[in-house]
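Contents: one structure, followed by commentary.
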Amino acid sequence: LCCTGLFHFTPATDVLLLTEVGARNPWGARYSEKEKMWSEIAAHLVEEFPAQCTGMTWRNCRDRVRRLVESYEAGSCHTSSGAAQPSSRTNARNCCVLQRS
């Protein structure tokens, strides 16, 4: 996918992205297949959210999943009791997305 402009992830696109990643597991693919799988995930997001597709690339998807997981694993979503307590508005959205998926 080659578009110009900016793509803005929303909670809805994040949920679909994580759902697709869970179903397709691009990290488990052979090295030569990884980019193709990420491209398929990006294409699916564009199909589902055509008004927001401007600028979507497979790298956007891969990097967004990494940021969501890093935010979650960094503990920015949890207190010692396990309750969600994100440290920022962005982390709050990321935590909610990961907890729903």
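For this structure, a couple of remarks:
- Residue selection: Gly82 fails the criterion of being modelled with pLDDT under 85 and surrounded by 12 or more Cβ atoms within 10 Å (Cβ to Cβ).
- Residues located in the stretch 29-39, provided they are open to solvent by 60 Å² or more (accessible area, probe 1.4 Å) and of a type outside the set (Phe, Trp, Tyr): Arg30, Ser32, Glu33, Glu35, Lys36
- Qualifying residue in the stretch 40-54 (condition: surrounded by 14 or more Cβ atoms within 10 Å (Cβ to Cβ) and assigned to a loop (DSSP other than H, G, I, E, B)): yes
The values are calculated or read from the model by the stated rules, or taken from the named source; none is laboratory data. Being a predicted model, the structure only gives us computed values, none of them experimental. In this analysis, Cβ positions are derived from the backbone assuming ideal geometry, glycine residues included, and neighbour counts consider all displayed protein chains. Protein only, heavy atoms only, side chains kept; ligands, DNA and RNA dropped before computing areas. Shrake-Rupley method; radii C 1.70, N 1.55, O 1.52, S 1.80 Å.
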